[in-house]
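What follows is a set of notes on a single structure, which appears directly below.
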Ligand SMILES: NC(=O)c1ccc[n+]([C@@H]2O[C@H](COP(=O)([O-])OP(=O)(O)OC[C@H]3O[C@@H](n4cnc5c(N)ncnc54)[C@H](O)[C@@H]3O)[C@@H](O)[C@H]2O)c1
């Protein structure tokens, strides 16, 4: 792979902070931007905590901890993106916010800088229209999975105008930061969310029909299917709002097979988001 000196990540939230960490762990300098400096710093703290977990598990050398984190620069402007080789956008899942971010990046970054979005549900080709025609050739999707420091997969999604060498280069970059990329078409839900939500909807249907409780379905998936975590535990982690939001997009695109179940809507109506609010499919209040 041609030498890569610096990456830029926009959005220092749950995903952006750990995406930045993966570059730093690979020895690549990375700048992470948020709308406020304290949000960017909170992202660096989150990256530090994720790295500490890896150290604790024996998956990263403690002696490299501080030098790794020192490769992450925090900012609330785009100035430090001028010499980035690749930028990854991980701001809120909102078409206008993402388009504005890319328009700003387009003005700042070098012509050869590669642009990627971590969107989970928007069309990569539609987001690419936020940048100049020339830049669209270097624009694609890189869909990481949470927690990014632990999950190996990246769905690499070329847009309509993405050039083939750009796809190869981004696949190489993913591998360089310890990920396994797969190429996926620019369709709603890409591949993983289509598979995941088909299963989650069936799990919710089982609960509605009284086939089994959420707890028992989680046990079934862990012990019968070898999944590391059950569907209801995972929904509680990603929040029921985000689950509903993605299912609504899948429903609009693919029709009845992805119709969100009433039992999920009820959880959202009740404000039972999951771990974030202390209650979801499980009750976390009073738990550590
Ligand atoms: N959470 C997941 O499991 C997951 C998985 C895959 C993909 N994604 C996608 O990743 C993206 C980020 O998700 P997240 O969970 O990290 O969200 P998050 O809310 O944790 O973080 C988003 C961050 O972006 C910042 N931000 C908003 N506008 C900005 C701007 N103009 N410039 C700089 N920063 C800005 C926010 O302040 C916030 O810190 C979304 O597109 C989401 O769909 C999320």
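For residue 151, state whether it is under 30 Å from residue 52 (Cα atoms), out of contact with any helix residue (DSSP H, G or I) (no Cβ under 8 Å at 6 or more places or on another chain) and within 14 Å of the ligand (Cβ to nearest atom).
yes
Restricting attention to segment 97-114, report how many residues are within 21 Å of residue 188 (Cβ to Cβ) and either touching a helix residue (DSSP H, G or I) at 6+ places or on another chain (Cβ under 7 Å) or more than 10 Å from the ligand (Cβ to nearest atom) (or both).
Total satisfying the criteria: 3.
Condition first: assigned by TED's automatic domain parsing to the domain that holds residue 48, within 25 Å of residue 196 (Cβ to Cβ) and surrounded by fewer than 19 Cβ atoms within 10 Å (Cβ to Cβ). Can you find one or more residues in segment 95-117 that meet it?
Yes, there is a match, as at least one residue in segment 95-117 is assigned by TED's automatic domain parsing to the domain that holds residue 48, within 25 Å of residue 196 (Cβ to Cβ) and surrounded by fewer than 19 Cβ atoms within 10 Å (Cβ to Cβ).
Out of (1) out of contact with any strand residue (DSSP E or B) (no Cβ under 7 Å at 6 or more places or on another chain); (2) within 24 Å of residue 92 (Cα to Cα), what's the single condition that is false for residue 213?
Evaluating residue 213 over (1) out of contact with any strand residue (DSSP E or B) (no Cβ under 7 Å at 6 or more places or on another chain); (2) within 24 Å of residue 92 (Cα to Cα) leaves (2) as the failure.
If you check residue 84 against the conditions, is it in the same structural domain as residue 171 (by TED's automatic domain parsing), crowded, with 21+ Cβ neighbours inside 10 Å and either in contact (Cβ under 8 Å) with a residue 24 or more places away in the chain or more than 16 Å from the ligand (Cβ to nearest atom) (or both)?
When the stated conditions are applied, residue 84 passes them.
Restricted to segment 135-153, and to residues that are within 17 Å of residue 85 (Cβ to Cβ) and not in a loop (DSSP other than H, G, I, E, B), which residue is nearest to the chain's Cα centre (by Cα)?
Top of the filtered list is 142.
Which pairs turn up if I take residues in segment 262-281 that are at positive phi and look for partners that are assigned to a loop (DSSP other than H, G, I, E, B) with beta carbon separation below 6 Å, at least 6 apart in sequence or on another chain?
274/239; 274/280; 278/284; 278/285
Which condition breaks for residue 177 when tested against (1) outside the structural domain of residue 60 (by TED's automatic domain parsing); (2) touching a helix residue (DSSP H, G or I) at 6+ places or on another chain (Cβ under 7 Å)?
Result: residue 177 fails condition (1) only.
The values are calculated or read from the model by the stated rules, or taken from the named source; none is laboratory data. Remember, it's a predicted structure, so these values are computed and weren't measured experimentally. Counting neighbours? That spans all protein chains shown, and the Cβs are built from the backbone with ideal geometry, glycine included.
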